[in-house]
Amino acid sequence: MHLKPFVLTALDSATSGGRRYHVWMGGLTLIMLVGAYAYSLQLRYGLGVTGMNDHVSWGLYISNFTFLVGLAAAAMMLVLPAYILKDVDFGRAVLMAEAVAVAALVMCLAFVVVDIGNPLGGWHLMPGIGFLNWPRSLLAWDVLVLNGYLALNLAIPFYILYSRFSGRQPDKRKYIPWMYIAVMWAVSIHLVTAFLLAGLPARPFWNTALLGPRFLASAFTAGPAFVILLLWFIRRETEYKISEGAFAKLALITTVAAQINLVMLGSELFYKFYSPTHHGINARYLFFGLDGHNALVPWIWTAIALSTVATIALMIHPVRRNPRWLIPACAALFVGIWIEKGIGLVVPGFVPSPLGEIVEYTPSLVELGVTAGIWALGMFVLTVLVRVALPIELGDVRSPYIDERRVTTIVRPRSSRPPRADVRPVRTR
Amino acid sequence: MTSDPTTEVPRDEAGQTLLQKRVDRRRALGILLGGAAAGTSAVAACAPVSAMTPESKEAKLLAWREYIKGNYRTMTEAERAETIARLERLAELKRGVDVTIQSTGAQPGVVFGYGFNISKCKGFRSCVEACINENNLDRRAATQYIRIFEMEDGVIDFDHADATFQHEVPAEGHFYIGTQCFQCADPPCVKVCPVGATWQEPDGITVVDYDWCIGCRYCMAACPYWARRFNWDEPEVPAAELNTNQHYLGNRARKAGVVEKCHFCIHRTRKGQLPACAEACPTGARVFGNLLDPNSEIRWVLANKRIFRLKEDLKIEPRFWYFTD
């Protein structure tokens with residue numbers, strides 16, 4: 001029916017644009033190619049080309065993974081008020097947030113794939129032909145919840161966009177139940193990833209009940225902060241109007257989550273340092289260095305400074321409402337949490353080792369190349385998704401096969417909101 | 001007496017990082033030209049089958065059959081025999097070595113346990129060397145299952161111990177304590193494996209199916225005794241030094257990207273021999289035996305010595321006890 005024109009229109013939207021658009025996409029492609037080359041070296045020579053070793057056996061890849069799971073989860077935080085509480089201001093932000101979730105998940109899966117030593121054995125994970133150690137292994141849980149979440153975040157926006165493209169109102173009875181599931185699922189992907197680390201008594205740095213809640217708080221800070229940056233950019237560059245109200249609410253969510261995040265960080269620091277036990281030795285390494293080994297110290301204090309300053313700034317109402325301050329504050333929070341939840345969370349779990357040996361970790365050039373490539377991939381995916389979604393949401397593109405009369409006489413179910421509140425009128429030409 | 005210095009380079013120092021750390025010029029050049037070489041080999045792989053020698057054709061077929069095989073634990077006896085035959089043939093085709101791979105199962109009424117006499121160990125590291133040779137450990141990365149920590153007389157303090165000492169032993173005012181896989185009764189590494197590539201055998205040995213492991217290294221993060229090692233590069237063992245007496249779950253050839261660990265020399269101990277480390281120890285610090293045999297030496301140690309284990313608070317019941325004279 002409308003599928004072929006949908007795909008063709010999507011391809012057209014994704015590939016056409018001004019000079020700046022092409023430079024952006026070309027730049028991303030170049031970085032992806034560098035990443036692909038770096039990964040080819042890793043495939044050829046083994047993970048020995050990374051900075052990881054038997055002591056620090058997870059590095060930059062898993063650090064980015066834990067951070068990006070949070071970004072993916074947080075997108076759903078925006079779905080909750082928009083579709084379930086019927087908050088119209090949010091409606092327009094949501095599709096963009098889901099695009100962020102998809103891009104973040106693509107990056108998550110890519111980071112896991114590049115981290116495993118035997119990627120060709122990936123089929124061993126598949127139930128049926130392989131063996132998935134579920135429910136015992138938290139990593140098996142993670143495989144399931146991440147893929148399920150990706151499916152949900154692809155299916156729901158596709159249904160909504162495809163319906164609009166075909167000139168129909170998306171049927172709420174069909175997608176709202178899945179929205180509820182997706183919201184709960186968002187919490188689960190992040191808790192499962194936290195439990196994956198928190199469930200290891202071998203690593204006291206992670207083995208804390210607060211890790212899961214901290215993951216959620218930091219995700220709900222970095223996620224909306226990133227969505228604010230994205231929406232601000234979209235509002236500047238396109239005619240897709242996002243109301244001030246949406247920004248205000250996103251900024252409020254970010255601020256509250258950032259405050260909770262700092263409170264939890266404070267509790268963690270108190271617990272680790274007020275009565276320092278041997279279990280706090282990894283935290284000591286992270287924050288103050290150990291016997292002259294202090295590779296992570298500047299990083300973590302940068303992260304804490306960024307988060308603290310940005311949080312305090314956002315707590316001042318006039319500052320939060322002024323885009324000139326809101327945007328840098330959100331960027332600072334995003335970077336701060338990327339450090340704290342990434343390298344600052346994963347690497348100190350391994351230093352010192354469970355037998356007290358200190359081996360520090362520095363990512364290699366190959367590792368940096370692969371990481372940059374995956375981030376470029378994520379931004380590429382995000383750009384394409386936004387490019388495809390925007391014209392459909394704006395009503396600029398519609399399936400050529402729509403019967404015009406039926407579109408105008410569309411009947412809404414009585415239960416849905418009054419037409420006046422509908423912020424997405426179907427514009428027909 | 002000092003042990004062979006080649007065995008003493010810890011993995012993390014020898015583990016070179018491409019383009020960044022100490023990579024000698026020839027190797028770096030080789031790596032940079034790798035792209036071109038990869039292209040060439042891809043062309044070779046696409047060449048018509050008729051152009052291949054019968055041996056390379058056979059090796060390709062065997063490698064494919066190996067790739068699609070299942071987890072060792074779920075294989076039937078016949079499937080196990082088939083994969084072993086393939087692996088032995090592949091070793092012959094690829095490296096020209098004649099290896100024998102056992103699949104000896106756990107013996108009934110046996111659970112292995114280990115005792116380590118702190119008073120007797122003098123830090124010679126003969127056990128480390130024996131382990132490397134016995135278990136075909138990667139020579140390039142200098143992988144070691146056993147770690148001997150040198151500590152100052154007084155308390156057992158791993159934080160201030162040195163496992164990379166390079167001087168004459170025993171050093172004045174120091175004592176030595178060795179670690180390896182403790183074969184825990186409730187192994188935290190086993191339950192985290194997403195694909196079930198590592199498990200505990202009935203005789204208490206936790207093993208790895210190297211061909212089923214996907215290399216996620218979750219088990220390495222889960223081990224509280226730092227007992228697991230990863231093959232960051234393709235492991236190298238000179239053919240002349242290869243131990244051809246192998247076990248599927250033990251010292252057979254590993255490949256890049258998979259985890260390995262101490263398996264109490266499964267190919268020896270299941271046949272009633274001592275593990276290589278216990279046999280090599282010149283001071284008699286190592287006691288190995290069947291915990292279910294009331295007359296075994298290990299049982300005598302457990303009954304008559306003051307014993308302790310590391311990290312008892314984790315409640316994972318390692319089967320490795322320390323004691324003093």
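Assorted remarks:
- Lone qualifier among A:A209, A:A251, A:A202 - being among the small types (G, A, S), without any contact (Cβ under 8 Å) to a residue 40 or more places away in the chain and either more than 25 Å from B:P224 (Cβ to Cβ) or not in a helix (DSSP H, G or I) (or both): A:A209
- Some residue of the range B:119-137 being open to solvent by less than 10 Å² (accessible area, probe 1.4 Å), under 26 Å from B:I316 (Cβ atoms) and small (G, A, S): no
- Restricted to the range A:281-329, the set of helices (runs of 4 or more DSSP H) holding at least 1 residues that are of a type in the set (D, E, K, R), open to solvent by 30 Å² or more (accessible area, probe 1.4 Å) and within 30 Å of A:F233 (Cα to Cα) comprises A:317-321.
- Screening B:L61 with (1) surrounded by 14 or more Cβ atoms within 10 Å (Cβ to Cβ); (2) more than 24 Å from the chain's Cα centre (by Cα) gives one miss only, at (1).
- Matching residues in the range B:170-211 - criterion: being over 15 Å from B:P224 (Cα atoms), more than 14 Å from every other protein chain (Cβ to nearest Cβ) and open to solvent by 10 Å² or more (accessible area, probe 1.4 Å): B:P170, B:A171, B:E172, B:G173, B:H174, B:F175, B:E201, B:P202
- Where a residue in the range B:206-225 is part of a loop (DSSP other than H, G, I, E, B) and its partner, wherever it lies, is among the polar types (S, T, N, Q), with Cβ under 7 Å and at least six apart: B:D209/B:N71; B:W212/B:N71; B:C213/A:N118; B:I214/A:N118; B:G215/A:N118; B:R217/A:S57; B:Y225/B:T179
Matching residues to (1) away from every other protein chain (no Cβ under 12 Å); (2) open to solvent by 60 Å² or more (accessible area, probe 1.4 Å); (3) not in a helix (DSSP H, G or I):
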| site | (1), (2), (3) |
| --- | --- |
| A:H124 | no, no, no |
| A:P135 | no, yes, yes |
| A:V143 | no, no, no |
| A:L150 | yes, no, no |
| A:L154 | yes, yes, no |
| A:R173 | yes, yes, no |
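- Applying the set (1) among the small types (G, A, S); (2) without any contact (Cβ under 8 Å) to a residue 24 or more places away in the chain; (3) within 13 Å of chain A (Cβ to nearest Cβ) to B:A141 leaves exactly one unmet item: (2).
- Single unsatisfied condition, B:K255 versus (1) without any contact (Cβ under 8 Å) to a residue 24 or more places away in the chain; (2) within 27 Å of A:E357 (Cα to Cα): (1)
- Residues of the range B:103-118 satisfying the condition of being β-branched (V, I, T) and either outside any loop (DSSP other than H, G, I, E, B) or surrounded by fewer than 17 Cβ atoms within 10 Å (Cβ to Cβ) (or both): B:T104
- Here the helices (runs of 4 or more DSSP H) wholly within the range B:260-325 that include at least 2 residues being in the same structural domain as B:A185 (by TED's automatic domain parsing) and open to solvent by 40 Å² or more (accessible area, probe 1.4 Å) are B:297-304.
- Selection status of B:I156, in a loop (DSSP other than H, G, I, E, B), more than 7 Å from chain A (Cβ to nearest Cβ) and aliphatic (A, V, I, L, M): yes
Here's the yes/no breakdown for (1) closer than 16 Å to B:F124 by Cα; (2) within 20 Å of the chain's Cα centre (by Cα); (3) among the hydrophobic types (A, V, I, L, M, F, W, C):
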residue	(1), (2), (3)
B:F158	no, no, yes
B:E172	yes, no, no
B:P188	no, yes, no
B:G196	no, yes, no
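- Meets criteria (part of a helix (DSSP H, G or I) and modelled with pLDDT of 90 or more) for A:M96: no
- The range A:113-122 - residue that is at the interface with another protein chain (Cβ under 9 Å from one of its Cβ atoms) and within 23 Å of the chain's Cα centre (by Cα) and, of those, least open to solvent (accessible area, probe 1.4 Å): A:D115
- When residues of the range A:156-170 are limited to those that are assigned to a helix (DSSP H, G or I) and of a type outside the set (F, W, Y), the one nearest to the other protein chains (Cβ to nearest Cβ): A:I156
- In the range A:11-52, of all residues being among the aromatic types (F, W, Y) and away from every other protein chain (no Cβ under 14 Å), the one that is farthest from A:P363 (Cα to Cα) corresponds to A:Y21.
The values are calculated or read from the model by the stated rules, or taken from the named source; none is laboratory data. This structure is a prediction, so every number in the text was calculated from the model and none was measured. Every residue, glycine as well, gets a Cβ built from its backbone with ideal geometry; the counts of neighbours run over all protein chains shown. Side chains are part of the model used for accessible areas, which takes the heavy atoms of the whole protein and leaves out ligands, DNA and RNA. Shrake-Rupley method; radii C 1.70, N 1.55, O 1.52, S 1.80 Å.
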